[in-house]
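Trainee: I have a structure here, written as structure tokens, and I will follow up with some questions on it.
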Amino acid sequence: MRLVLALCSVLFGAACITVPVTETLPPGQSEVGMTLGGPLIAVPGGGPTIPLPSITVEYRKGGGEAWDWSVGTHLLPTAFGALGVHGGASYRLLDQDAYRPRLIVTNRLYLFSNHLDGRKPTDSLGFWANNELVLTGAWDHGAATYYVHLMEHLDLALPGLVLTPALGAKYRFKKWEFFAEFRWFGANADNSKAVLQWQGIGDLGAQAIGLGFSRRFGDK
């Protein structure tokens, strides 16, 4: 049951798909990106299965030769009277070498609060924090980049091991990048007791899809 609650916390608190970090930005370069998508859920009342229409807007900036930092905000929670933001940093562990992928580690902290919503009673106000640790392997091939993620989501109020594998592809056109990604949120967590009908694989986790784009700025 604890893992079920942790999975639900992740799906509501850190299931917004972000622009994948497959290479750190060099100093002097920045990036603005937007993503659309999230976990697949069956619409109540026998409706179709759709991805949550989560929209994330992000800014990323090079901090050093092997690291960068980023911040972002999540637009869907505002429709429900909540404010959602995240911030984090990425570090390049290894460069790509033939078939060996480039390795990137990324950490993001997600923060959500509904304290600014005057419509809610005092006893329903809350603050949520969720940490996301990501190990990424990426391979460049021409104008495309193929990547895999392994993520660990940690609800700071309800700790538990929640693992999320993902895979995706990017395509570069001048200073623009476009990507598509598949995730399996909480692949080790049973979703059979969840209130909402998340579309997992069997009774595990929730599948998710995301699409997005970004544009880089700077001469380097």
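Trainee: How many residues does segment 167-195 hold that are part of a loop (DSSP other than H, G, I, E, B) and either of a type in the set (A, V, I, L, M, F, W, C) or in contact with a Phe, Trp or Tyr (Cβ under 6 Å, 6 or more places away or on another chain) (or both)? Before the answer, list the steps.
Mentor: Start the filter on segment 167-195 by keeping residues that are part of a loop (DSSP other than H, G, I, E, B), which leaves 174-175, 191-195.
Next, only the ones that are either of a type in the set (A, V, I, L, M, F, W, C) or in contact with a Phe, Trp or Tyr (Cβ under 6 Å, 6 or more places away or on another chain) (or both) stay: 191, 194-195.
Total satisfying the criteria: 3.
Trainee: Right, something else. Condition first: in a loop (DSSP other than H, G, I, E, B), in contact (Cβ under 8 Å) with a residue 24 or more places away in the chain and more than 28 Å from Glu31 (Cβ to Cβ). Now tell me which residues in segment 196-220 satisfy that.
Mentor: The first filter runs over segment 196-220 and keeps only residues in a loop (DSSP other than H, G, I, E, B), leaving 196-197, 199-200, 202-203, 218-220.
Pick out the ones that are also in contact (Cβ under 8 Å) with a residue 24 or more places away in the chain and you get 196-197, 199, 218-220.
Across segment 196-220, the qualifying residues are Leu196, Gln197, Gln199.
Trainee: Which one of these does Thr164 not meet: (1) of a type in the set (Ser, Thr, Tyr); (2) surrounded by 15 or more Cβ atoms within 10 Å (Cβ to Cβ); (3) outside any strand (DSSP E or B)?
Mentor: Of everything listed in (1) of a type in the set (Ser, Thr, Tyr); (2) surrounded by 15 or more Cβ atoms within 10 Å (Cβ to Cβ); (3) outside any strand (DSSP E or B), Thr164 misses just condition (3).
Trainee: Oh, and also: Could you look through segment 36-72, keep only residues that are in a strand (DSSP E or B), β-branched (Val, Ile, Thr) and farther than 11 Å from Cys16 by Cβ, and pick out the one that is nearest to the chain's Cα centre (by Cα)?
Mentor: We begin by selecting, within segment 36-72, every residue in a strand (DSSP E or B); these are 36-42, 49-51, 55-62, 67-72.
Applying the additional criterion that residues be β-branched (Val, Ile, Thr) yields 41, 49-50, 55-57, 71.
Of the ones still in play, those that are also farther than 11 Å from Cys16 by Cβ are 41, 49-50, 71.
Details: Ile41: 17, Thr49: 20, Ile50: 18, Val71: 12 Å.
Only one residue tops the list, namely Val71.
Per-residue answers, yes or no, for (1) among the basic types (Lys, Arg); (2) modelled with pLDDT under 95; (3) touching a strand residue (DSSP E or B) at 6+ places or on another chain (Cβ under 8 Å); (4) buried (at least 16 other Cβ atoms within 10 Å of the Cβ):
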{"residue": "Ile17", "(1), (2), (3), (4)": "no, yes, yes, yes"}
{"residue": "Pro20", "(1), (2), (3), (4)": "no, no, yes, yes"}
{"residue": "Met34", "(1), (2), (3), (4)": "no, no, yes, yes"}
{"residue": "Glu58", "(1), (2), (3), (4)": "no, no, yes, yes"}
{"residue": "Trp69", "(1), (2), (3), (4)": "no, no, yes, yes"}
{"residue": "Asp95", "(1), (2), (3), (4)": "no, no, yes, no"}
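The values are calculated or read from the model by the stated rules, or taken from the named source; none is laboratory data. Just so we're clear, the structure is a prediction, and the values are computed from it rather than from any experiment. Methodologically, a virtual Cβ is constructed for each residue, glycine included, from the backbone with ideal geometry; neighbour enumeration extends over all protein chains shown.
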